[in-house]
Amino acid sequence: MKRGPHLLAMLVAVFVLVAAGNLIAARGFGGARLDLTERSLYELSPGTVQTLRRLDEPVRWTFYYSRRLAADYPAIRAYGARVREMLRGYEAVSGGRIIFEEIDPEAFSEREDEALELGLQPAPVGEADRLFFGLVARDMIDETHVIPYFAPERESLLEYELTRILADLARADEPRLAILTSLPIETGRPGSRPSAAVVELESNYAVDWVQRAFVELPEADALLIVHPPDLSDDQLYAIDQFVMGGGRVIAAIDPMAHLALRAGPDGLPPPNARRSSGLAPLLAIWGAAFDPEQVAMDIDLALPVQVTEDGRTRVRGYPLWFSTGPQEMSDNDLATSGLTRGVNFGSPGFLEAVPGRSSRFEPLITTTANGARLPTETAARNPSPDEITADYPEPGERLTLAARLSGALATAYPDGPPAGSEIVHDPEAQLTETTAGDVVIIADADWLDDSFFLRSDAAFGTSVVADNLSLLVNLIDIALGDPALVGLRSRAPSARPMLRVEQLRADAERRFVEEQASLQDQIDTAQARIAELQNPSITDEASLTMEPVEIRAEMRALRSDVLTARNRLRDVERDFRSDIDDLEASLRFWALWFPPLAVLLTGFVLALLRRRGRA
C-alpha cells in the first residue's frame, strides 16, 4: 500500500480540523479568556468589573496606534500588544458596553488630523514620522476622555487609568478634593516645586487649593492636608466642623519634614517653613495621640544610603529612612491591602490610640516589632547610620505610622467656636458629633516627596520604586466614594526583572564604588604631593632640605604609583560587569540552548530505545 496518498489525505484532514476548530472557537467562545500568566496580567480586577456593570450606555474606545511604525521598536511593540489585549479584555467582559476600534493613522491623513485634534500626543520617530499610541473614550452624548499616550513606564497604572475613564463617564457629578498645605507644591504658585503627587492629583480629580489664611473651607467631598501651616483656632474649628458634617480628611503631619526645609532656587528654605506640623487639639479628641518631639525608626527596614567616612564611600542602612512592606500594612483596609512594593518613609512620627474615645483606631501601616523612638532634636542633627545603630534601643516596639479613625467622632468644640473667635455662634448650625467619621492620619510628609518613590535613570528614564503614590490615590479614591478604583494602581507590570542579576549588579556596584573611592584617594594624594614638589611656593619645610636627585626620585615613584592606581582603576571598571556577564551567559544557555538540545537528546534516546526494541 502506498503511503503517499494516505499521508496527503491525513494532512488535508488535519488542516480541515484545525480550521474548523478555530472557526467554532471564534463563534462559540469568542469572549472566553484564560489568563495563565504568573501575575494575572490580563485578568481584570473586581473593581473594574464592578465599574463596567455601572455603565448605563455603551462607551466607544478608539485605540490610535501606529502599528507599522511601532514594529521597529521592540519595547513599544510589546507594550502595544499588552495594551491591545487589555482593551479587548474590557470589551470581552463588558457585555456589549464597550465598543472597541483600532486605528493606524497614516501620515498626512484625515485620521492623523483627527487624532491630533482630539488631543493625542504622538512620539516623534525617525526623520518626520509620528507614532500614535493613545486612546479616545466617548459615550453616547459625546463626553470625551483621552489618554494622549500610553507611556510604558506607567504600565502598572494601565488598568487604573482605563477604569477611571469609565468611572468618570458613569458618574453624574465630579467629586471635588480640597488641598491644604504649607509646602510650595501648588501648581502655578511662585517658587513652587514640581511634584509627581500633585500632577497625579490634578490630572485625576477636581482640585481646589485652600489658601493658608482661609476662613471657610471650599465645598468639597474630601480634604487632603499635607504638612499644614500654623493653623488658627478658627481654622481648626472649620476643619472640625467639616469632619462633623461628614467630610473625609486625609492628613499627613510630620515631626521633622525634610521636604519643608529643602532649599529653593535662592539656596534658602521657603519663607515661614516649619520643621514640624500637627492638628492639635483635634486629633486627641478624635482618638489619636501624636508627639512632634519624637520620630520613629526601624533598623530592620532601613533604606540603604551612601555615606563617606575617612574619605571612603560606603553603603549603610539608615534606620530613620525605611520602607514598610506588605507585612507592615493592614490586610483589612482597601487602601493598603493590595500594595506590594512597600511605602518609603523619612524620619516619620508615630500615632497612639487615646483611651476612652468612641472612635475606632485602626492601624494602617506600622514598623516591625523592632521599631524604636528617637528624640526629634537628635534626628535633626543627622546622626550617621553607625551612631544610630550603636545606640539603638533593645528590645524594639511596633509603632503605628498611619491610622484610620472611623465611626463616632466627637467635636473638639462642644461649646461652639473657640473663645475670641470672630465666627458668629449659631447653636442650630453647630455640629457636635458624627457617627460616620472617616479620618486618615499619616505621621509623615516626606513620603509624598518624589525622591521617596521615584528613581531616575539615564538609560531607562523615571520608574516607580515604591507604592507611596498608589497609597495616596487609594486613600483619596476611598474618601471620594469610589472604592472600585482602589487597588488598581498596585497591579504588577509585565516586565519580569531578573532578581538574581539585579542583586549581583547591586553587590558589584557597591564593591566598585568603595574600591573606586579608595583608588581615587590614592591618585589625588599622589598628585597633590607631585604639585608640592614641582612648586617651591607650596613645598613644606622637609621638602626644602631635599636634594634635587631625591626630589626627582620621589616624583618618579609618585608618578609610578599614579600610573599603577589608574591601571587598577581601569581594571576595576572593566571587571565591574564580570559576574553579571557570566550569569547572563549562563541564563542564555539555559533559556535558549538547553531546551532544543534537551529535545534533540530526548528524541535521540527514544529513537535508540525504539530501535533496540525492534531488534
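The values are calculated or read from the model by the stated rules, or taken from the named source; none is laboratory data. In this text, all values refer to a predicted model and were calculated from it rather than measured experimentally. All Cβ positions, glycine included, derive from the backbone under ideal geometry; neighbour counts span all protein chains shown. Just so you know, the surface numbers come from the protein's heavy atoms only, side chains and all, with ligands and any DNA or RNA stripped out. Shrake-Rupley method; radii C 1.70, N 1.55, O 1.52, S 1.80 Å.
Descriptive notes on the structure:
- Other residues lying with their Cβ under 9 Å from the Cβ of residue 166 contribute a combined charge of +2, Lys and Arg counting +1, Asp and Glu -1.
- Label-point separation in nm, residue 549 to residue 143, each point 7 Å along Cα→Cβ: 9.6
- Shape analysis of the range 329-369 places it in the oblate category; the axes a ≥ b ≥ c from the Cα gyration tensor give an a/c of at least 1.5, with a/b not above b/c.
- Potential lengthening between residue 280 and residue 9 on full extension [0.36 nm per residue; Cα-Cα distance subtracted]: 88.9 nm
- Within the range 74-90: backbone nitrogen closer than 11 Å to the residue 125 label point (7 Å, Cα to C-beta): 74-80
- What the Cβ-Cβ distance of residue 56 and residue 118 gives, at R0 = 25 Å and to the nearest 0.05, is a FRET efficiency of 0.60.
- Given a 1.4 Å probe and the protein chains as shown, residue 18 ends up with an accessible area of around 80 Å².
- Carbon/sulfur fraction of accessible area - the range 408-465, other protein chains in place, 1.4 Å, %: 53
- Cβ-derived FRET efficiency at R0 35 Å, residue 531 paired with residue 153, nearest 0.05: 0.15
- Couplings for the range 125-139, taken from phi via the Karplus curve 6.51 cos²θ - 1.76 cosθ + 1.60 with θ = phi - 60°, read 9, x, 7, 9, 8, 10, 9, 8, 7, x, 9, 10, 10, 10, 9 Hz in order; Gly and Pro are left as x.
- At the residue level, residue 582 shows approximately 100 square angstrom of accessible surface with a 1.4 angstrom probe and all protein chains present.
- Net charge of neighbours whose Cβ lies under 15 Å from the Cβ of residue 268, counting Lys and Arg as +1 and Asp and Glu as -1: +3
- Per DSSP, loop GluC sites (Glu not before Pro) in the range 279-365 with at most 14 further Cβ within 10 Å: 293
- Length added when fully stretched, residue 23-residue 408, from 0.36 nm per residue minus Cα-Cα: 132.6 nm
- Rounded accessible area per residue of the range 325-389, 1.4 Å, Å²: 45
- A simple spin-label model places pseudo-atoms 7 Å from Cα toward Cβ; at residue 432 and residue 266 they are separated by 5.0 nm.
- Shape of the range 64-132 from the C-alpha gyration tensor: oblate (a/c of 1.5 or more and a/b not above b/c, with a ≥ b ≥ c the square roots of its eigenvalues).
- Which of 608, 454 is most accessible, then next, and so on - probe 1.4 Å: 608, 454
- Loop-resident sites, the range 129-193, for trypsin sites (Lys or Arg not before Pro), counting at most 15 other Cβ within 10 Å (DSSP): 171
- Evaluating 6.51 cos²θ - 1.76 cosθ + 1.60 at θ = phi - 60° for every residue in the range 588-599, the Karplus couplings come out as 5, 5, 5, 8, 9, 9, 5, x, x, 5, 5, 5 Hz, glycine and proline recorded as x.
- Rounded if a/c under 1.5, otherwise prolate or oblate - the range 247-324, Cα gyration tensor axes: oblate
- Theoretical FRET efficiency, 1/(1+(r/R0)^6), r = Cβ-Cβ of residue 219 and residue 415, R0 25 Å, to 0.05: 0.45
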